[in-house]
Amino acid sequence: MRSHWAIGLALLAGSVQAAVTDVTLDNGMRVIVKEDRRAPVMVSQVWYRAGSIDEFNGTTGVAHVLEHMMFKGTKNVAPGEFSKRIAAAGGRENAFTSRDHTAYFQQMQKDRLDLAMQLEADRMANLVISDELFAREIQVVMEERRLRTDDQPQSVVYERLMATAYQAHPYGRPIIGWMNDLEHMTAQDARDWYARWYAPNNATLVVAGDVRADEVIALAKKHFGPLPARALPARKPQAEPEQLGEKRIVVKAPSKLPYLLMAWHAPTLRDWEKDSEPYALMILAGVLSGNDSARLQASLVKAQQIAVNASAGYDPVSRGPAMFLIDATPAPGKSMAALEAAIRAEIARIQREGISEAELARVKAQVIAADVYQRDSLFYQAMQLGDHAIAGLPPEALARRVDRLRAVTADEVRAAAQKWLQNVRLSVAELDPQPLDAKPRTAAAKGARHVH
Amino acid sequence: MSIKRIALRSFIAAFALALPLAAQAALAIQHWQTPQGARVYFVESRELPMLDVAVDFPAGSARDPAGRSGLARLTHGLLDQGAGGLSDTAIAHRLADVGAVLSGNFDRDRAGVKLRTLSSAREREAALDTLVRVLQRPDFPQAVIAREKRRLVAAIREAEADPGSVAGKAFFRTLYGAHPYARDPDGEPAGIGRLTRRDLVNFHRAHYSAPNAVIAIMGDLSRAEAEAIATRLAAGLSAAAPLPALPQPVAPAASESRIAHPSTQSHVHVGALGIARNDPDFFPLFVGNYVLGGGGFDSQLLKAVRDKHGFAYSAYSYFAPMGVAGPFQLGLQTKGEQADAALKVARATLADFIAKGPSEAELTQAKSNLTGGFPLRIDSNRKILDYLSVIGFYRLPLDYLDTWIAQVEAVDVAAVKDAFARRVDPDRMVTVVVGGAR
């Protein structure tokens, strides 16, 4: 059962990266190790292939709620004890939930991996979700939703636009869940989720740092090896039906400035050796955005001064469908219509004239440099490995990413822009600012004693 | 790029940073002054074929002259928007062409520029040449000033939708009163409108001078190369004398402000004047605060506010040491109707901590985490660079990182109780509550 292979990736400029080891244990748990001895530390991440993409209507947000409950105790470890023990060992720990996954991590000195794995293996199998702790934690999650989404107008715009762009696919639902679903979520919903997805054969351990791959694998066998594999539910693709025309929404929220968000359905990277469009669209995003030299900034913000900010984004590494996004804030006195027209004109210009060789070389230079810079962060390297694993891409796809990007031609960028950035795939959201209650009243009780 | 050479060298040097925990120097920081008086802090690290340079000046918003609100911020924002005869876009292109990243940092104390570049000769030279122009010869073109003023005002307006931002600014305003720290670092829209090109040129000349400069260099280069770079950076800066220290802030009376905002949550800030960077109480307060509200799930505040009551996602306290006394601050966010209840819990937690101090077990836990986690504080070039800048700017001892663990270890319960009793009076807190109306 052990497919042990390593990629030596001396492919590119300055590729001094150590090999990546990728192993699958007998119970189906995958272990990916990246040795990096720059500092005597390591990061350990357990990724579950269970994110909001796997949720159902009525219990949206349960993946993230379960993430919170994972710190609330097991048969063997009291509530709060997990964090306490990691902290006592000098560790930093947390977790994150996305559309595609839920992941838990510890950053510690290199010799403390045993503790991290012991605790992670325990909560993979032995979690206890009490009604009492759930009732309190769901309140915390609702506060998190208020903090990150409800009180952030641009986040609301993003959430509502995704709900519009995806009518069938679960990416239309927010990771944190709709508030009404959170209000009606039960401890049993969380227990069901845990029972469904938390199994070694649905998990990937990523360890990066000053470790030895064989020792990491031995530890993984010791701690995770005894956990039995379980049958996982079939996952339905829930593919989004083809969009048949442009969609537009208006979001009214308290704000001083309007905001524009445009989203085109775009391809996901599936076969990293054969697919070329995702790489071309990544270059396109780099031509449009990313720093002051890119087109949206240079043209819309600096030359035309129609926007105070404008950026583009595209991430083709995901389990579900991808999107090409552009967002912008109009300059004072400029209309949203004029801003949108200017963005469309930039796209049309690329579709018509393509990009220059200088622009292409510039974006590639940044890609090559970024590949070096990212090695300054152990955590980021582990994140990328986990992201790729969850998306079903081999570590090789990551190792060869720069190569694939370097192979993109200007013609491919133009062709990808022509094919994908079409109105028929587009959804647009506009933030329509509502008053912030113009007159803040400040009632100061100077010198008042506080009631404790 | 001479790739092969770099690759080989990187393997050989791979253990340079693998430092044992105690007993030895955490980092070999080299320090000198350029002939022009700029102070330089350098760490050589050959593992990655890249280098980072950070140059900081006492040119944060606290240096805004009277009636020139936003001047420091605007000056900083204009540095790379046209310099040494290159337009804003030309600067951006030159950097991007070699994969270099120029970024800025700006707060109440400091204004700085950071450059990250590959260390290969062509890339490094192009990137450094651009950095030199940006620092030494910003052009401050009139049209660009007008544009950036509009963008700055727009950013201020945009932030007004964020209750957390509104609360943070109101907290500083209330806490610092007439002191320069009171002001929004971005400035006030009306004041920004009045700024002239002459204001920017003068501010740059007086603040971005060699004697005011702190240069941090980290990465794949030798001491001799670092010296040459530092001298080149400092050589074209003005010779304006070091700026005087900021005035000492005066502690305000206790107060409680409620500011309306159409948010679902109330953002609650409670605090007082804290400490300067070089304060002798730094370590007892820092370690003690881990127990109070700095240690995440280990902290009394998060346990009470989040775990026990489910009031908030985040609840914390910290000392933000600055040039002169920075704030000591507790914060949380909770839905409007339970703001008062959460505030009560936060205040009670603070009062209780001041009265009783941490338990032996809590302090042991705090010290274990801080000392055991020390290697994580210096595990990347970026983090080390930031430490170099802080050590230089705030004139911390050169062995600050070498003695850090011992300083934490030396803190005991009595020291924490004593320091908090002297420095934090729970009856003289400034409280700001923003939003929660929806």
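The values are calculated or read from the model by the stated rules, or taken from the named source; none is laboratory data. Not measured: the values here are computed from a predicted model. No Cβ is skipped: glycine too gets one built from the backbone with ideal geometry, and neighbour counts run over all protein chains shown.
Remarks
- Across segment A:114-140, the number of residues qualifying as more than 13 Å from chain B (Cβ to nearest Cβ), in contact with a helix residue (DSSP H, G or I) (Cβ under 6 Å, 6 or more places away or on another chain) and aliphatic (A, V, I, L, M) comes to 5.
- Residues that are in a helix (DSSP H, G or I) and closer than 18 Å to residue B:157 by Cβ within segment A:142-154 comprise A:153, A:154, listed in sequence order.
- Among the residues making up segment A:365-383, those that are closer than 17 Å to residue A:104 by Cα and surrounded by fewer than 19 Cβ atoms within 10 Å (Cβ to Cβ) are A:379, A:380.
- For residue A:143, the conditions (1) within 29 Å of residue B:264 (Cβ to Cβ); (2) in contact (Cβ under 8 Å) with a residue 12 or more places away in the chain; (3) within 13 Å of chain B (Cβ to nearest Cβ) all hold with the exception of (2).
- Boolean, residue A:402 is assigned to a helix (DSSP H, G or I) and surrounded by fewer than 21 Cβ atoms within 10 Å (Cβ to Cβ): yes
- Lone qualifier among B:307, B:352, B:340 - being part of a helix (DSSP H, G or I), at pLDDT below 95, surrounded by fewer than 23 Cβ atoms within 10 Å (Cβ to Cβ) and within 14 Å of chain A (Cβ to nearest Cβ): B:307
- Residue list for segment B:60-103, restricted to those being acidic (Asp, Glu) and surrounded by 22 or more Cβ atoms within 10 Å (Cβ to Cβ): B:64, B:80, B:88
Here's the yes/no breakdown for (1) in contact (Cβ under 8 Å) with a residue 24 or more places away in the chain; (2) assigned to a helix (DSSP H, G or I); (3) facing chain B (nearest Cβ under 9 Å):
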| residue | (1), (2), (3) |
| --- | --- |
| A:57 | yes, no, no |
| A:63 | yes, yes, no |
| A:68 | yes, yes, no |
| A:79 | yes, no, yes |
| A:83 | no, yes, yes |
| A:94 | no, no, yes |
| A:100 | yes, no, no |
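- The set of residues from segment B:108-154 being farther than 12 Å from residue B:77 by Cα, within 24 Å of the chain's Cα centre (by Cα) and not in a helix (DSSP H, G or I) comprises B:108, B:109, B:110, B:114, B:115, B:116, B:117.
- Test result for residue B:386, at the interface with another protein chain (Cβ under 10 Å from one of its Cβ atoms) and either assigned to a loop (DSSP other than H, G, I, E, B) or acidic (Asp, Glu) (or both): no
- Number of residues in segment B:92-120 that are over 24 Å from residue B:204 (Cα atoms) and touching a residue at least 60 places away in the same chain (Cβ under 8 Å) equals 4.
- Scoring residue A:90 on the criteria (1) buried (at least 23 other Cβ atoms within 10 Å of the Cβ); (2) not charged (D, E, K, R); (3) not in a helix (DSSP H, G or I) leaves a single failure, condition (1).
- One residue stands out in segment B:248-275 among those that are part of a strand (DSSP E or B), farther than 14 Å from residue B:424 by Cα and of a type in the set (A, V, I, L, M): the one that is farthest from the other protein chains (Cβ to nearest Cβ), namely B:268.
Quick grid of which residues meet (1) surrounded by fewer than 20 Cβ atoms within 10 Å (Cβ to Cβ); (2) in contact with a Gly (Cβ under 6 Å, 6 or more places away or on another chain); (3) within 8 Å of chain A (Cβ to nearest Cβ); (4) on the phi < 0 side of the Ramachandran plot:
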residue	(1), (2), (3), (4)
B:277	yes, no, no, yes
B:287	no, no, no, yes
B:314	yes, no, yes, yes
B:356	yes, no, no, yes
B:360	yes, no, no, yes
B:363	no, no, no, yes
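- Scope segment A:231-254; condition surrounded by 16 or more Cβ atoms within 10 Å (Cβ to Cβ) and either closer than 15 Å to residue A:203 by Cβ or more than 26 Å from the chain's Cα centre (by Cα) (or both); matching residues: A:254
- Number of positions in segment A:364-402 that are away from chain B (no Cβ under 14 Å), farther than 19 Å from residue A:46 by Cβ, of a type outside the set (Lys, Arg) and out of contact with any strand residue (DSSP E or B) (no Cβ under 9 Å at 6 or more places or on another chain): 1
- Only one of A:305, A:366, A:297, A:351 that is on the phi > 0 side of the Ramachandran plot and out of contact with any Phe, Trp or Tyr (no Cβ under 6 Å at 6 or more places or on another chain): A:305
- Residue in segment B:131-146 that is closer than 29 Å to residue B:244 by Cβ and either at the interface with chain A (Cβ under 10 Å from one of its Cβ atoms) or of a type in the set (S, T, N, Q) (or both) present: yes
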